[in-house]
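S.K.: Dumping the structure here so I can ask a few things about it.
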């Protein structure tokens with residue numbers, strides 16, 4: 001990546017951090033880097049290419065260093081999942097972008113390839129690898145998006161009062177789980193437990209192929 005393009009993408013990330021993803025435009029970006037909008041097109045051909053470049057810039061942070069190359073397949077998947085969550089914690093708008101753009105830049109493709117090779121090393125049949133990659137990616141990005149948007153938070157209204165608006169007979173699942181629904185949630189512990197469940201799922205798919 002050229003130094004100028006890298007500077008432009010970093011400026012786009014900064015705008016999104018300050019004002020949200022919807023504030024990222026070619027004009028706003030040109031103002032930030034001190035050029036005309038037309039000058040940007042030498043480095044990013046249009047808004048779509050800019051967003052794809054931002055995805056690549058975000059996913060570059062997920063690529064492992066040399067020390068990670070010798071890790072077992074499940075350790076590589078866990079490391080990638082944790083790194084993705086950390087990226088979206090630093091950039092809460094990032095999950096929305098990761099969900100909405102395909103992995104087409106070199107760094108984005110490399111991140112997907114980490115998952116492919118981990119699944120292959122786990123013994124998953126080649127025909128099943130793309131499906132499981134989509135499952136893993138959707139879980140990790142979906143968790144990160146829900147966490148960043150506040151979907152997992154209890155909100156300002158007491159959960160019991162929300163459930164109380166409907167007759168208890170209409171919410172048999174809620175009634176049975178009542179002792180567990182109002183407990184404080186440790187999202188980090190939940191994320192780690194989910195990653196462990198993903199590992200067991202991968203192992204189960206690989207075992208079926210034996």
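Every number in this text was worked out from the coordinates using simple rules, so none of it is lab data. Keep in mind that what you see is a predicted model, and the values were worked out from it rather than measured. No Cβ is skipped: glycine too gets one built from the backbone with ideal geometry, and neighbour counts run over all protein chains shown.
S.K.: Based on alpha-carbon centroids, what's the gap between the range 82-130 and the range 6-38 in Å, whole number please?
M.R.: Cα centroid of the range 82-130 versus Cα centroid of the range 6-38: 25 Å apart.
S.K.: Just grab the label-to-label distance for residue 177 and residue 45, each label 7 Å out from Cα along the Cβ direction, in nm (one decimal).
M.R.: Here the modelled spin labels are 4.7 nm apart.
S.K.: Here's a follow-up. Below 8 Å between Cα atoms, with a sequence gap of 6+, how large is the relative contact order for the range 66-208 in percent? If you can, show how the numbers build up before the last one.
M.R.: Numbers: 78 pairs, mean separation 46.6, N = 143.
Result for the range 66-208 is 33 percent.
S.K.: For the pair residue 201 and residue 7, how long in nm is the line joining their label points, each one 7 Å along Cα→Cβ?
M.R.: About 4.4 nm, to one decimal.
S.K.: How far, in nm, would the chain grow between residue 35 and residue 18 when pulled straight, counting 0.36 nm per residue and subtracting the alpha carbon separation?
M.R.: On the way: separation 17, 0.36 × 17 = 6.12 nm, distance 2.00 nm.
That pair, residue 35 and residue 18, stretches by 4.1 nm at full extension.
S.K.: OK, next. Relative contact order for the range 26-144: what percent, with Cα pairs under 8 Å and sequence separation of 6 or more? List each step's numbers first, then the result.
M.R.: Numbers: 95 pairs, mean separation 34.9, N = 119.
For the range 26-144, the relative contact order is 29 percent.
S.K.: Moving on to the next point. How high is the FRET efficiency from residue 63 to residue 153, r the C-beta distance, R0 41 Å, rounded to 0.05? Could the numbers behind the result be given before it?
M.R.: Numbers: r = 31 Å, r/R0 = 0.75.
Computed FRET efficiency for residue 63 and residue 153 comes out at 0.85.
S.K.: With labels modelled as points extended 7 Å from the Cα through the Cβ direction, what inter-label distance (nm, one decimal) is found for residue 82 paired with residue 188?
M.R.: The two pseudo-label positions are separated by 1.0 nm.
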